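The values are calculated or read from the model by the stated rules, or taken from the named source; none is laboratory data. These numbers come from a predicted model, not from an experiment. With ideal geometry, Cβ positions are generated from the backbone for all residues, glycine too; neighbour counts draw on all protein chains shown. Protein only, heavy atoms only, side chains kept; ligands, DNA and RNA dropped before computing areas. Shrake-Rupley method; radii C 1.70, N 1.55, O 1.52, S 1.80 Å.
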Number of protein chains: 2
Amino acid sequence: MISLQEDLKDIRKLSRIITTIENRQKGYKDILRKCFYHSGKSKIIGITGPPGAGKSTLTSSLIGVLREEGSSVAVLAIDPSSSFSGGAILGDRIRMLDYSLDEKVYIRSAATRGAMGGLCVAASDIITVLDAAGFDYILVETVGVGQDEIDVVKETDTVLLVLVPGLGDDIQALKAGIMEIADIFVVNKSDREGSDNLVREIEYILSLTEHGKKWNTPIIKTVASKNEGIKELSIQIKKHFDFICSNSLILQKRKERFSLKFKRLVLEGLETKIKNGPLKGEEEEKLLESFIKKEQDPYTAAEEIVESFILEELQ
Amino acid sequence: MISLQEDLKDIRKLSRIITTIENRQKGYKDILRKCFYHSGKSKIIGITGPPGAGKSTLTSSLIGVLREEGSSVAVLAIDPSSSFSGGAILGDRIRMLDYSLDEKVYIRSAATRGAMGGLCVAASDIITVLDAAGFDYILVETVGVGQDEIDVVKETDTVLLVLVPGLGDDIQALKAGIMEIADIFVVNKSDREGSDNLVREIEYILSLTEHGKKWNTPIIKTVASKNEGIKELSIQIKKHFDFICSNSLILQKRKERFSLKFKRLVLEGLETKIKNGPLKGEEEEKLLESFIKKEQDPYTAAEEIVESFILEELQ
C-alpha cells in the first residue's frame, strides 16, 4: 500500500480504485483513510443547471482553458441512477473523448444513489480520491437535476449555475434554494435571443438577496460550443477561489463538507448495522408477524428500536 | 381523535391529514399509528414505466373502469422532487380534473425525497393513510424514473410496467431489475407501429425468466387515450390479486413491505437522533477541527460513532 500515491497517478489504476470505492469493495475504507490525509489541495468546482443548459459542453470547454494553462483536471459527472436508460448521458460522455489521450484529464461518471433510500456517500468519497490523486481542478458536473445532485454541488468550493435563454420558463421557475447556492452565474448559449433579458433577471434577483454579502456574484455570458467566454469564466473561478481563501470561508466550507460527509458515513454505518443487526432471522420474523396480526404498529416499534440505540459519550 | 375515521372520509380533511404526514408535523405519528390499525384492506397497484409511456392517461382510464364497477380509487403520484421545475407534472394532473367532483376518487402527488440523503418514508405512510381511509384501490403512479419510485412500487401488491412501441430504445435498454418487478406488462399506445414486435420481445424475455413461476405474467395491449384494453387490464389486475391471495404471496408481500417500512422508520429516527445528538455544538466543532487539521479522518471517526451505538436486546 506504499504505492497508493503512485497508483493514483496512473489513470487505469485510479479508475480501478474508484470502482472499489463506489462498490464498497473490500479494502475501500483503508484507501479512503489514506486518501483523506492526502486531500485538501484541489479546487473543487460544482457545475449545475437545468437539462439543456449545455453543462457538458461547458465542462468540456473549461477543461480546454484549464489545460492550456497547465492545470490537471478531473471531471466527476453525477448521473441520476435512473432505472430506465437515457440517451443523453452517453452522448455527453462521447464529447469528452477529445481528452481521452490526455493523461492530465480524467473523466468519471458516478451514480448518486445508495442502496436503501439513497445515502449518497460515494460521490463525496470519489472527490476525496481525485483530490488525493493531485488534480488541480475537480469539476463536479451534474447530469441530472435531482436533490442528490444539488447536495453534491453544495459540497464544492465554487458553484457554477448554468442557465440558458429561452428554456421556456423564466428564472422564477427555478426552485428556491438553487439561486442561493450559485457563486457564479453562467448564461450559456448567450448568442441566443433573450440572453440580455436573462442577465437582467438574474441581476434583479441578486439585487434582492445580495446586500451584505462580500462576494459579488458575477454573471458570465458564454457560448460553450464556440469556446466564447470560457477564459473569462476561468478567471472568475480563480477570483472566487482567492476570495474564499482570503477570509475564513474556505475553512467554513470545508467544515460543512466534513460535517455532511461524517453524518452520511455514520448513517451508512448504521444502515449496515441495522441490515445485519437485530432485524434479521427469527426476531425480525416475529416482529413482522406482529405487524401482520396488528398486535403492534411499526411506528411504535421503530421508535423503541431508535431509543434502544444508546449513544455513548464521545471520547 | 375518535373522529379520525370520519375525517378520512372527508376529502378535504384527508388532504390536510396527508399534508401533516408528509411534513412530519406535530401529531403525525399518532395519526399513522391509528391508520395502521385500520389499514390492510386496499388493493395497492403500482404503475411504472419510462417517461412518455402514457402512465397518467392509463391511470386516468383505469380510474374510469374501476369507478364504473363501483370501486373507490385513490391515486398517489410519486413526483421526483426535482430542484428545477418541470411542466409535465402539472399537465398530467390537469387531466385528472375529470374526477374532481367525484367523492370516491382522490388524487394526490407526493415528492419522494427526504431531507438528508432522501429516506423515502412519506410515500409509504401516505399509502397507509389512504388504505385506512377505505379506498378499494390505491394506484401508485410514478411520474419520474428514479430508484426512489421503483422502491415505492416494489411495495405494492401488483406492479404494472407500462411500455410503448417506438420509444427509440429497445426493451433491453431497460435497466436490469425493472422487468422482474412487473406482474402485468402493459403495451400502451398499441395502435402505433411496432407494438406486436414489442409484445414478442417481452414474451421472449419472459420465456427466459419465467419457468418455475406460478404466475404467468400477462401482456395487455392498451390505447389508454381511447380507453381500449383498460377493461381487460382491470380484469388481469383482479386475477393477480386473487392469485396472490390464494397462496401465501400476499402475506409475503406485506411482510416485505412492513420490513422495508420498519427499517426506513428506524433510519429516519436515527437520522433525527444524529442531527440533534452528539454532532452538535462544541463537540462537533472539535471533531470538524480535527478533520481540518488532519488529526483524524472522518471514516475512522464515523466507524467509532457507529460502534458506540449499542443496540439493546429486543424485548
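The residues on offer are B:I45, B:I18, B:I11, and the sole one that is in contact with a Ser or Thr (Cβ under 6 Å, 6 or more places away or on another chain), among the hydrophobic types (A, V, I, L, M, F, W, C) and under 17 Å from B:V73 (Cα atoms) is B:I45.
Pairing each residue of region A:66-79 that is charged (D, E, K, R) with any residue that is part of a strand (DSSP E or B), provided the two are 6+ apart or on different chains, yields C-beta distances under 8 Å for A:R67/A:V73; A:R67/A:V105; A:D79/A:S109; A:D79/A:A110; A:D79/A:A111.
Scanning region A:14-43 for residues that are at positive phi and either open to solvent by less than 50 Å² (accessible area, probe 1.4 Å) or in contact with an Asp or Glu (Cβ under 8 Å, 6 or more places away or on another chain) (or both) yields a count of 2.
Scanning region B:228-248 for residues that are open to solvent by less than 50 Å² (accessible area, probe 1.4 Å) and under 14 Å from B:V159 (Cα atoms) turns up B:L233, B:S234, B:Q236, B:I237, B:H240, B:F241, B:F243, B:I244. Of the residues that make up region A:19-42, is at least one among the β-branched types (V, I, T) and touching a strand residue (DSSP E or B) at 6+ places or on another chain (Cβ under 6 Å)? Within region A:19-42, not a single residue is among the β-branched types (V, I, T) and touching a strand residue (DSSP E or B) at 6+ places or on another chain (Cβ under 6 Å). Selection of helices (runs of 4 or more DSSP H) fully inside region A:219-307 by the criterion of at least 3 residues being within 7 Å of chain B (Cβ to nearest Cβ) and in contact (Cβ under 8 Å) with a residue 40 or more places away in the chain returns A:249-276. The selection criterion, being under 24 Å from the mean Cα position of the chain (by Cα), at pLDDT 80 or above, closer than 30 Å to B:E304 by Cβ and open to solvent by less than 30 Å² (accessible area, probe 1.4 Å), holds for A:S259. Would it be correct to say that A:S207 is part of a helix (DSSP H, G or I), among the polar types (S, T, N, Q) and open to solvent by 90 Å² or more (accessible area, probe 1.4 Å)? Considered against the rule, which asks whether it is part of a helix (DSSP H, G or I), among the polar types (S, T, N, Q) and open to solvent by 90 Å² or more (accessible area, probe 1.4 Å), A:S207 comes out as no. Within region A:13-72, the set of residues being within 12 Å of A:Y137 (Cα to Cα), more than 14 Å from chain B (Cβ to nearest Cβ) and of a type in the set (K, R) comprises A:K43, A:R67.
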